[in-house]
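The values are calculated or read from the model by the stated rules, or taken from the named source; none is laboratory data. Since the structure is predicted, the reported quantities are computational estimates derived from the model, not experimental observations. Here Cβ is always computed from backbone atoms with ideal geometry, including for glycine, and neighbour counts include all displayed protein chains.
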Amino acid sequence: MIRPALPKPPYTGGCLCGTVRYSYNARPMALNACHCGHCKKLSGSDYIKMLIGEREHLISSGESAIFRKRADSGREIDIHRCAQCGTRMWHLPLASPQHVFICAGTLDDTSWAIPTSHIWIECAGKGVALSPEAIWIEGQPADRQPLYDAFDRAYPS
């Protein structure tokens with residue numbers, strides 16, 4: 001597969017109704033697909049694609065509603081949704097307050113957003129195509145470095 005080029009920042013996006021808008025003004029650290037049961041339920045789909053980046057580079061406007069979710073591991077994330085239309089926009093992990101996980105489907109341009117990593121692959125739905133050149137990880141990785149390394153291999157600096 002020929003991977004589309006990584007666009008230069010900023011990466012802009014927003015919710016369905018337009019109330020919440022954001023700009024991520026740095027190179028992402030990873031582009032990950034999560035196939036866990038929680039992400040399936042929260043997205044209403046077979047998986048969710050997330051840009052992982054440094055929280056300090058996210059600028060947003062509009063009112064978001066926050067839902068705090070506790071994973072089976074005990075770790076918690078704050079899920080930000082548009083307060084008007086409910087679009088899931090980004091997550092703020094409490095255990096890693098320096099990070100933000102942006103829902104790639106909310107980007108204005110999603111044409112380049114092909115995952116460089118997949119986690120919880122044992123939960124992937126039948127018929128879901130995993131990016132063949134991406135890394136595949138069973139369960140939740142102990143640390144995110146393999147996700148960052150996979151992104152850097154796909155998009156050298």
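State yes or no: is Arg144 in contact with a Leu (Cβ under 9 Å, 6 or more places away or on another chain) and either surrounded by fewer than 17 Cβ atoms within 10 Å (Cβ to Cβ) or of a type outside the set (Asp, Glu) (or both)? Against the criterion (in contact with a Leu (Cβ under 9 Å, 6 or more places away or on another chain) and either surrounded by fewer than 17 Cβ atoms within 10 Å (Cβ to Cβ) or of a type outside the set (Asp, Glu) (or both)), Arg144 does not qualify. Tell me, please, whether a residue that is crowded, with 20+ Cβ neighbours inside 10 Å, touching a Ser or Thr at 6+ places or on another chain (Cβ under 7 Å) and touching a residue at least 60 places away in the same chain (Cβ under 8 Å) can be found in segment 89-96. Yes, because at least one residue in segment 89-96 is crowded, with 20+ Cβ neighbours inside 10 Å, touching a Ser or Thr at 6+ places or on another chain (Cβ under 7 Å) and touching a residue at least 60 places away in the same chain (Cβ under 8 Å). The strands (runs of 3 or more DSSP E) located wholly in segment 78-157 that include 2 or more residues which are on the phi < 0 side of the Ramachandran plot, among the β-branched types (Val, Ile, Thr) and modelled with pLDDT of 95 or more occupy 99-103.
When restricted to residues that are touching a residue at least 60 places away in the same chain (Cβ under 8 Å), farther than 19 Å from Asp108 by Cβ and either of a type in the set (A, V, I, L, M, F, W, C) or buried (at least 21 other Cβ atoms within 10 Å of the Cβ) (or both), segment 36-63 contains 3.
Quick grid of which residues meet (1) surrounded by 15 or more Cβ atoms within 10 Å (Cβ to Cβ); (2) of a type in the set (Gly, Ala, Ser); (3) farther than 25 Å from Tyr22 by Cβ; (4) touching a residue at least 40 places away in the same chain (Cβ under 8 Å):
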| site | (1), (2), (3), (4) |
| --- | --- |
| Gln98 | no, no, no, yes |
| Thr110 | no, no, no, no |
| Asp149 | no, no, yes, no |
| Ser157 | no, yes, no, yes |
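Starting from segment 125-136, keep only residues that are of a type in the set (Gly, Ala, Ser), then list their pairs with residues that are modelled with pLDDT under 85 whose Cβ atoms are within a distance under 9 Å, requiring at least 6 positions of separation or different chains. Partner pairs satisfying both residue conditions: Ser131/Met1.
Here Thr116 does not fit the description of being closer than 25 Å to Cys15 by Cα, hydroxyl-bearing (Ser, Thr, Tyr), under 14 Å from the mean Cα position of the chain (by Cα) and surrounded by fewer than 19 Cβ atoms within 10 Å (Cβ to Cβ).
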